[in-house]
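Asks: Here it is: the structure, laid out below.
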Amino acid sequence: MKLLAILIVLLFFSASHAEEGRFAEVLASGTRQVRLAMDTPANRENLPFPEINKEMRETFLFDMNMSGTVVAFARDSAASPGGLSAGMVDFSPLLAEGYDLLVKSEYSLKGENLVLEYRLFDVINKKLLLSRRYLGTIREIRYFTHSFANEIVGVIDRAGGKGCFTSKIVYITTSSGNKEIAIMDWDGHNFRQITRNGSINLNPVFSPDGKEILFTSYKNGNPDLFRRPLSSGVDLKISSRKGLNITGSWSPDGKKIVLSLSKDGNSEIYTIDKNGDNPVRLTVNPAIDVSPVFSPDGAFIAFVSDRLGKPQIFIMNVDGGNVRRLTTLGSYNVTPAWSPRGDRIAYASMQDGFQIHTISVDGSDDRQLTASGNNENPAWSPDGRLIAYSSRQGRGEAINVMRANGEGQTRVSQGNGRATQPSWSFP
Amino acid sequence: MKKETIVFLMALGMTALLAGGCANKEVVKAEEKPAPTVKQEAPKAPEVVAPKAEPVTPVPEPPKMDEMQAVKAEPVKLVLETVYFDFDKSDLRKDARDVLNKNADMLIKSADKAKYRIEGNCDERGSAEYNLALGERRAKSVQQYLITLGVPADRLSIISYGKEKPAVEGHNEAAWSKNRRADFVIEK
């Protein structure tokens, strides 16, 4: 979606490091969570826009509560405009109510044009921590709110970086009958279908720059690999070799694609240039080898192979050497996803239904994150804090999101049909 | 009748005609996409194998003619039986080999030498990605076996649909066993 707005960011007060250290201590000690209150948004002209207030609150609270950095609440307050400076806020009731942080907001809407200010206050020290002013249209209100939430997350959990809430998820939908590709905001809003070829479309993946999608489609009769720049509606066919051209994913620098091709007899892992040329074969094995993914440092590739009898996840060097087995729990482990933080890999393990696990890259510390229904195809958020996945509970199938420790499992996909195979963009 | 009344009645009549004409007209939105059924996109031949079909005699009896003219035999489209597989396996069971022996015989003896595509499929369990490769393995298994029986390799191509095209909907072994299959589809 093109951003037509002029975004002017005025940083009034930079975050004070001493105060952030206090939040890190609260988080690390685990004794209690940081509590954040969001006051009712105020309209500068004192005009009532309950729908705008609702949209801002829903967007913001969903982001902050999913982030795992705070517990966030809507706080009913007299939404009087002009009360955005620290000197004008009465912090005593907030202290009494047990809040650590306060978010206040004020906006002005003239026709379609929106001016929106968000501020984050430290309740205990009575200080302004973060201030942002956004100029644009009413259609950007969710985007601006997501953007402020990203920054708050970065203030509270500095080591983990900014949040991921301005990012998007691409996935497969059956809402028009067959499997087509769709895209949505991370929280499920603004979803739209981007392919309409009436065929079977599979495994969409965002490029590292977030501008293109890679996917497999049978639209020409064979499972071929295509690249679609999001700014156009045109699919570039990049691999239509004999047999399978499947499970493509990107190198971190966006220059290469790793995929599974069966042109030489059976499914093997190859890299190709992003325009499809120069295949370099990495596996030589009569086994099935599929679902390759690069490590974030570009040095390794994790993939699925049944060379030991049933599908397990292996890791090899980027030149194909030093193949070692990663997963040892259970007999059927597939769809590896490498955390952007580099330390853990998420995957699906068949145990009755499938469940999502994460495992350390050295093969230790395997953790099961889901327990009910059938959960597959994990995809990490760009900040490594969240995991999206397909979830089938009963008859429907939808995209859920959870924190990397398994908490907060929530459905995000909307609309008709089944939603599967999510991939998360970089912000 | 007054002039105004006539005009009024004519207007009423025109309205009724227009309304009647419009009543059954549906607004048809320009479809920018083809029909969303996969079957229309995939190059499947009209002759689809029915799994339980009896093998048909490939060459019909030439009709008896008064004139001593040689009549060309009509090429008859073979009905080649589907073969089935065990869960997570691509090797051919005995019953599969029996079916393929018959299929090979028909292919070799047929007059028209048509080409066939072997389509490998999986049941809904297992991961979609792994099943694309497993479906291909099944198709290849069938292809290799037919070639060893003497079917020319250039008459057989393969494709995998993984678990994307189940033959039978259902979430039990009765359905799953019917979906772990290799179908034969004639190529145009």
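Asks: Of (1) over 26 Å from A:R403 (Cα atoms); (2) surrounded by fewer than 17 Cβ atoms within 10 Å (Cβ to Cβ), A:L114 satisfies all except one. Which?
Replies: Tallying (1) over 26 Å from A:R403 (Cα atoms); (2) surrounded by fewer than 17 Cβ atoms within 10 Å (Cβ to Cβ), A:L114 fails exactly one: (2).
Asks: Do we have A:L326 as away from chain B (no Cβ under 14 Å), of a type in the set (A, V, I, L, M) and over 24 Å from A:I183 (Cα atoms) here? Break it down into steps so the answer makes sense when it comes.
Replies: Numbers: away from chain B (no Cβ under 14 Å): yes; of a type in the set (A, V, I, L, M): yes; over 24 Å from A:I183 (Cα atoms): yes.
Yes: the conditions hold for A:L326.
Asks: Return a yes/no flag: does the range A:375-387 have any residue that is modelled with pLDDT under 95 and either in a loop (DSSP other than H, G, I, E, B) or out of contact with any His (no Cβ under 8 Å at 6 or more places or on another chain) (or both). Explain how you work it out, then say what you get.
Replies: As a first pass, look at the range A:375-387 and keep what is modelled with pLDDT under 95: none.
Within the range A:375-387, none of the residues are modelled with pLDDT under 95 and either in a loop (DSSP other than H, G, I, E, B) or out of contact with any His (no Cβ under 8 Å at 6 or more places or on another chain) (or both).
Asks: Which ones in the range A:145-177 are among the polar types (S, T, N, Q), surrounded by 24 or more Cβ atoms within 10 Å (Cβ to Cβ) and in the same structural domain as A:P229 (by TED's automatic domain parsing)?
Replies: Selection gives A:T173 alone.
Asks: Going by the structure shown, is A:S331 free of Cβ contacts under 8 Å to residues at least 24 places away in the same chain, of a type in the set (S, T, N, Q), within 14 Å of chain B (Cβ to nearest Cβ) and part of a loop (DSSP other than H, G, I, E, B)?
Replies: Numbers: free of Cβ contacts under 8 Å to residues at least 24 places away in the same chain: yes; of a type in the set (S, T, N, Q): yes; within 14 Å of chain B (Cβ to nearest Cβ): yes; part of a loop (DSSP other than H, G, I, E, B): yes.
It is true that A:S331 is free of Cβ contacts under 8 Å to residues at least 24 places away in the same chain, of a type in the set (S, T, N, Q), within 14 Å of chain B (Cβ to nearest Cβ) and part of a loop (DSSP other than H, G, I, E, B).
Asks: Need the failing condition index for A:C164 against (1) part of a strand (DSSP E or B); (2) in contact with a helix residue (DSSP H, G or I) (Cβ under 8 Å, 6 or more places away or on another chain), just the number.
Replies: So the condition that A:C164 fails would be (1).
Asks: Using beta carbons and a limit of 6 Å, which pairs, at least six apart or on different chains, have the first residue in the range B:177-188 and closer than 19 Å to B:K140 by Cβ and touching a residue at least 60 places away in the same chain (Cβ under 8 Å) and the second one in a helix (DSSP H, G or I) and among the charged types (D, E, K, R)?
Replies: Every condition considered, the pairs that remain are B:A182/B:R138.
Asks: Here's a follow-up. Of the conditions (1) within 30 Å of A:G406 (Cβ to Cβ); (2) in contact (Cβ under 8 Å) with a residue 12 or more places away in the chain; (3) not in a strand (DSSP E or B), A:I124 fails just one. Which one is it?
Replies: The failed condition is (1).
Asks: Can I ask one more? Only one residue in A:Y389, A:Y332 is in the same structural domain as A:F191 (by TED's automatic domain parsing), under 22 Å from B:L134 (Cα atoms) and among the aromatic types (F, W, Y). Which one?
Replies: On the way: A:Y389 fails: under 22 Å from B:L134 (Cα atoms).
A:Y332 is the lone residue from the list that is in the same structural domain as A:F191 (by TED's automatic domain parsing), under 22 Å from B:L134 (Cα atoms) and among the aromatic types (F, W, Y).
Asks: Can you run down the residue pairs with Cβ atoms below 7 Å, 6 or more apart or on separate chains, where the first is in the range B:149-168 and facing chain A (nearest Cβ under 9 Å) and the partner is assigned to a loop (DSSP other than H, G, I, E, B) and at pLDDT 95 or above?
Replies: The qualifying pairs are B:I159/A:N222; B:S160/A:L244; B:G162/B:C122; B:E164/A:I200.
Asks: What is the residue count in the range B:169-178 for residues that are over 21 Å from the mean Cα position of the chain (by Cα) and within 14 Å of another protein chain (Cβ to nearest Cβ)?
Replies: Let us first name the residues in the range B:169-178 that are over 21 Å from the mean Cα position of the chain (by Cα), namely B:171-174.
Checking which are within 14 Å of another protein chain (Cβ to nearest Cβ) leaves us with B:171.
Number of matching residues: 1.
Asks: Here's another thing I want to ask about it. Name the residue that is surrounded by the most Cβ atoms within 10 Å (Cβ to Cβ), counting only residues in the range A:259-282 that are within 12 Å of another protein chain (Cβ to nearest Cβ) and outside any strand (DSSP E or B).
Replies: Residues of the range A:259-282 that are within 12 Å of another protein chain (Cβ to nearest Cβ), as a first pass: A:259-263, A:265-269.
Adding the requirement that they be outside any strand (DSSP E or B) leaves A:262-263, A:265-267.
Values: A:S262: 25, A:K263: 16, A:G265: 9, A:N266: 20, A:S267: 31.
Out of the qualifying residues, it is A:S267.
Asks: Restricting attention to the range A:396-427, and to residues there that are closer than 24 Å to A:W250 by Cα and among the β-branched types (V, I, T), which single residue is nearest to the other protein chains (Cβ to nearest Cβ)?
Replies: Across the range A:396-427, the extreme among qualifying residues is A:T420.
Asks: Return yes when A:G161 is on the phi > 0 side of the Ramachandran plot and either without any contact (Cβ under 8 Å) to a residue 60 or more places away in the chain or under 21 Å from the mean Cα position of the chain (by Cα) (or both) and no when it is not.
Replies: Numbers: on the phi > 0 side of the Ramachandran plot: yes; either without any contact (Cβ under 8 Å) to a residue 60 or more places away in the chain or under 21 Å from the mean Cα position of the chain (by Cα) (or both): yes.
Yes: the conditions hold for A:G161.
Asks: So which of A:S108, A:S147 is touching a residue at least 24 places away in the same chain (Cβ under 8 Å) and either in a strand (DSSP E or B) or within 25 Å of the chain's Cα centre (by Cα) (or both)?
Replies: Numbers: A:S147 fails: touching a residue at least 24 places away in the same chain (Cβ under 8 Å).
Checking each option against the conditions leaves just A:S108.
Asks: Residue by residue through the range A:240-258, note down the ones that are polar (S, T, N, Q), in contact (Cβ under 8 Å) with a residue 40 or more places away in the chain and either outside any strand (DSSP E or B) or away from chain B (no Cβ under 14 Å) (or both).
Replies: Of everything in the range A:240-258, just one residue is polar (S, T, N, Q), in contact (Cβ under 8 Å) with a residue 40 or more places away in the chain and either outside any strand (DSSP E or B) or away from chain B (no Cβ under 14 Å) (or both), namely A:S251.
Asks: For the range B:94-105, check the following and say yes or no: at least one residue is without any contact (Cβ under 8 Å) to a residue 60 or more places away in the chain, away from chain A (no Cβ under 14 Å), under 16 Å from the mean Cα position of the chain (by Cα) and buried (at least 20 other Cβ atoms within 10 Å of the Cβ). Before the answer, list the steps.
Replies: Pass one, the range B:94-105, residues without any contact (Cβ under 8 Å) to a residue 60 or more places away in the chain: B:94-102, B:104-105.
Applying the additional criterion that residues be away from chain A (no Cβ under 14 Å) yields B:94-102, B:104-105.
Now drop any that are not under 16 Å from the mean Cα position of the chain (by Cα), which leaves none.
Checked the range B:94-105: no residue is without any contact (Cβ under 8 Å) to a residue 60 or more places away in the chain, away from chain A (no Cβ under 14 Å), under 16 Å from the mean Cα position of the chain (by Cα) and buried (at least 20 other Cβ atoms within 10 Å of the Cβ).
Asks: Output the residues belonging to the range A:79-100 that are touching a strand residue (DSSP E or B) at 6+ places or on another chain (Cβ under 8 Å) and modelled with pLDDT of 90 or more.
Replies: Across the range A:79-100, the qualifying residues are A:V89, A:F91, A:L94, A:E97, A:G98, A:Y99, A:D100.
Asks: Mind listing whichever residues of the range B:113-131 are more than 10 Å from chain A (Cβ to nearest Cβ), free of Cβ contacts under 8 Å to residues at least 60 places away in the same chain and in contact with a strand residue (DSSP E or B) (Cβ under 6 Å, 6 or more places away or on another chain)?
Replies: B:C122
Asks: Anything in the range A:343-383 that is on the phi > 0 side of the Ramachandran plot and either free of Cβ contacts under 8 Å to residues at least 24 places away in the same chain or buried (at least 19 other Cβ atoms within 10 Å of the Cβ) (or both)? List them, or say none. Don't jump to the end; show me each part of the working.
Replies: First, pick out the residues of the range A:343-383 that are on the phi > 0 side of the Ramachandran plot: A:352, A:363, A:365, A:373, A:377.
Result: A:D352, A:D365, A:G373, A:N377.
The values are calculated or read from the model by the stated rules, or taken from the named source; none is laboratory data. If you're wondering where the values come from, they're calculated on a predicted model, not measured in any experiment. Cβ: placed from backbone, ideal geometry, glycine included. Neighbour counts: every protein chain shown.
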